[in-house]
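Written below as structure tokens is the structure these notes are about.
The values are calculated or read from the model by the stated rules, or taken from the named source; none is laboratory data. On a predicted model such as this, the values are computed, not experimentally measured, just so you know. A quick note on method: Cβ atoms are made from the backbone with ideal geometry, for glycine too, and the neighbour counts reach across all protein chains shown.
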Amino acid sequence: MDLIVAGNWKMNMTLPEGREFLNDLKDYLSGKTIQSQLILGVPFIHLGESQGVKESGIYLAAQNCSQYSSGAYTGEVSAAQVESTGSEYVILGHSERRQYFGDSDHVINQKIREALSNNLRPIFCVGELLQERQNGNQENVVNLQLENGLNGISESEMEKIIIAYEPVWAIGTGETASPEQAEEMHASIRKRLGSLYTEDVAQKTPILYGGSVKPDNAKDIFGQPNVNGGLIGGASLKLDSYTELIRIAEELA
């Protein structure tokens, strides 16, 4: 499958800054044939730009959505509202949502269901803490997150879901899993998907690596058999580094 170069701007980029970045990215892509799938997870204020960038092959994703469809939930944004902007993706279960905002596996499962019911494609994040890895418990932790997060999700719905493996100890720390560590966990995730669904579902589900992906390590990580691209944080905030990641993905295509 084609590699996915997905960015996550997190709580960065004002409206003018985001527009400038997207316009410059459109200029970079102009006249190029890109096989990779380009997704940018942006703050809600930027989602209105979705229609203007799709023609360049750029897809915007919300970084979260509510588990509720509508109602008196001040400050929340529903999946239907995200979908109404023309966006097609939403990042759910990111470790920062789990850590800072209390998103449990149950809540994440509700959000995935809500996203799917509104024709959004979830980018479902899973990953272990440093202590869990030091204890050798990373596969059990991630398997449980997969089982709980995908509870009640059908085989046909899995066709819309992207998994992102993010070792929490490597997010924003400058640390990164070795290519071998990334491959080991991605293979484990694919194996678990095969047991939860079918081998066909497991092989067709894209699994991204998210943990301090940068141009200097992307080729080795993206080149692993079970790694289908990256969910990229800081390197997606700078045009030169994001476009270099696109170039690397195209080289590996």
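Some points to look at:
- Residue in the stretch 55-71 that is modelled with pLDDT under 95 and farther than 19 Å from Leu237 by Cβ present: yes
- Count - residues of the stretch 2-22 that are surrounded by 14 or more Cβ atoms within 10 Å (Cβ to Cβ) and not hydrophobic (A, V, I, L, M, F, W, C): 7
- Of the residues Val53, Val5, the single one that is among the β-branched types (Val, Ile, Thr) and in a strand (DSSP E or B) is Val5.
- Residue in the stretch 137-146 that is more than 28 Å from Ile221 (Cα to Cα), in contact (Cβ under 8 Å) with a residue 24 or more places away in the chain, in a helix (DSSP H, G or I) and over 18 Å from the mean Cα position of the chain (by Cα) present: no
- Which listed residue is among the hydrophobic types (A, V, I, L, M, F, W, C), touching a strand residue (DSSP E or B) at 6+ places or on another chain (Cβ under 8 Å) and at pLDDT below 95, from Val213, Val227: Val213
- Positions within the stretch 168-206 being acidic (Asp, Glu) and surrounded by fewer than 13 Cβ atoms within 10 Å (Cβ to Cβ), in sequence order: Glu175, Glu180, Glu199, Asp200
- Qualifying positions in the stretch 183-210 - under 26 Å from Trp9 (Cβ atoms), in a helix (DSSP H, G or I) and either modelled with pLDDT under 95 or β-branched (Val, Ile, Thr) (or both): Ile189
- Taking every residue in the stretch 93-110 that is loosely packed, with under 12 Cβ neighbours inside 10 Å and pairing it with any residue that is at pLDDT 95 or above, at least 6 positions away or on another chain, yields no pair with a Cβ-Cβ distance below 6 Å.
- Residue pairs meeting the criteria (Cβ under 8 Å; at least 6 apart or on separate chains; first without any contact (Cβ under 8 Å) to a residue 60 or more places away in the chain, in the stretch 157-177; second surrounded by fewer than 24 Cβ atoms within 10 Å (Cβ to Cβ) and of a type in the set (Asp, Glu)): Pro167/Glu128; Trp169/Glu128; Trp169/Glu175
- Just one residue in the set Glu128, Glu147, Glu132 is modelled with pLDDT of 95 or more, over 21 Å from Asn8 (Cα atoms) and not hydroxyl-bearing (Ser, Thr, Tyr); that residue is Glu147.
- Residues satisfying the stated conditions in the stretch 23-35, i.e. surrounded by fewer than 20 Cβ atoms within 10 Å (Cβ to Cβ) and either in contact with a helix residue (DSSP H, G or I) (Cβ under 7 Å, 6 or more places away or on another chain) or not aliphatic (A, V, I, L, M) (or both): Asn23, Asp24, Lys26, Asp27, Tyr28, Ser30, Gly31, Lys32, Thr33, Ile34, Gln35
- For the stretch 65-120, the candidate set comprises residues that are polar (S, T, N, Q) and assigned to a helix (DSSP H, G or I); within that set, the residue that is nearest to Asn151 (Cα to Cα) is Asn109.
- Among residues of the stretch 230-253 being touching a residue at least 24 places away in the same chain (Cβ under 8 Å) and assigned to a loop (DSSP other than H, G, I, E, B), the one that is nearest to Leu22 (Cα to Cα) is Leu237.
- For the stretch 74-86, the count of residues that are touching a helix residue (DSSP H, G or I) at 6+ places or on another chain (Cβ under 9 Å), of a type in the set (Val, Ile, Thr), loosely packed, with under 14 Cβ neighbours inside 10 Å and within 27 Å of Ser117 (Cβ to Cβ) is zero.
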